[in-house]
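Report on the structure given below.
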């Protein structure tokens, strides 16, 4: 079978503790035709010198420094230096399973372009995995098992940032790492969705995802909820919002308020409903909140649902199903 060159892109910053294990997991891959473009994003520890030692032993590794700042600019540098027919990302603190590149590339070769190959992931940590990350792992893997990742794209990022692979031409068509929007992995996932790239199902764990206190997703403000909501609403209004239908916003918690404020700023009309008797009838940002029963008066609405409670979400989904409304067309869960 043809073995195309795979370009692996890694931005890193102060991960000297984890880089040896990460790099060794790449070197140990069963698939050998790869190049690694690894970019220092302003490290102040021994990370750069550590990678230099690996370069001396493996010519497939190329090391660069980021003149700007941040993951996006580092990824741009890495991609600009790459030559691979297939492109994948990796995090400098994670571990590839030995067959990761082989499995993902075989899937892309079989299914050809307009597809994204994804693998199952497993979190690990010296201190144990918290309930939130455990639930996220279960959720994202359940989507990948069936290739239904886009079905819940407005909840969280549905493609694990360090465990996907795509044809170079398709990444370019999706505008690669050019948009300056964070979180960059979530934004790229939406652009895969926008371009109708099919997610290829996978039943194999291919990536070990490390969790620790200084991990970027825990410490970088770009990964906070307000940035997530901004991306969700940006792409909803661009891709799925039907301005010929009335829009309804469910829930008046922090997320609901943030979305309401943004809708008002974008001059998007909406009805706002909630089940909190202390808020019903009150004016927030110039919009009076109405009870759920008001839904019966709205003809053919689209709904953004920001209700976070799991049991309440089940009840809402059952209610909407009885009305023969369809997810990702008539209603969208934003949490």
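The values are calculated or read from the model by the stated rules, or taken from the named source; none is laboratory data. Everything numeric here is computed off the predicted structure, so don't read it as measured data. All Cβ positions, glycine included, derive from the backbone under ideal geometry; neighbour counts span all protein chains shown.
For segment 248-260, enumerate the residues that are touching a strand residue (DSSP E or B) at 6+ places or on another chain (Cβ under 9 Å) and assigned to a helix (DSSP H, G or I). Don't jump to the end; show me each part of the working.
If we filter segment 248-260 for residues that are touching a strand residue (DSSP E or B) at 6+ places or on another chain (Cβ under 9 Å), which is where we start, we get 248-253, 256-257, 259-260.
Within segment 248-260, 256, 257, 259, 260 qualify.
Out of segment 281-293, which residues are over 34 Å from the mean Cα position of the chain (by Cα) and either assigned to a loop (DSSP other than H, G, I, E, B) or surrounded by 14 or more Cβ atoms within 10 Å (Cβ to Cβ) (or both)?
Listed by number, the residues that qualify are 281, 282.
For residue 285, are the conditions met, namely being closer than 16 Å to residue 229 by Cβ and in contact with a helix residue (DSSP H, G or I) (Cβ under 9 Å, 6 or more places away or on another chain)?
yes
Can you pull out the residues in segment 162-183 that are at pLDDT 95 or above and within 26 Å of residue 331 (Cα to Cα)?
174, the sole residue that qualifies.
Can you work out which of the residues in segment 180-193 that are under 20 Å from residue 76 (Cβ atoms) and in contact with a helix residue (DSSP H, G or I) (Cβ under 7 Å, 6 or more places away or on another chain) is surrounded by the most Cβ atoms within 10 Å (Cβ to Cβ)?
In this case the residue turns out to be 190.
What strands (runs of 3 or more DSSP E) completely inside segment 41-134 contain at least 1 residues that are modelled with pLDDT of 95 or more and not assigned by TED's automatic domain parsing to the domain that holds residue 167?
Numbers: elements: 61-65, 86-89, 115-118, 120-124.
Hits in segment 41-134: none.
Could you list, in sequence order, the residues of segment 18-30 that are surrounded by fewer than 17 Cβ atoms within 10 Å (Cβ to Cβ) and either touching a residue at least 12 places away in the same chain (Cβ under 8 Å) or in a loop (DSSP other than H, G, I, E, B) (or both)?
20, 21, 27, 28, 30
Against the conditions (1) out of contact with any helix residue (DSSP H, G or I) (no Cβ under 6 Å at 6 or more places or on another chain); (2) closer than 17 Å to residue 258 by Cβ; (3) without any contact (Cβ under 8 Å) to a residue 40 or more places away in the chain, where does residue 308 fall short? Just the number, please.
That leaves (3) as the condition not met.
With the checklist (1) in a strand (DSSP E or B); (2) at pLDDT below 95 in hand, flag the one item residue 304 doesn't pass.
Unmet for residue 304, out of (1) in a strand (DSSP E or B); (2) at pLDDT below 95: (2).
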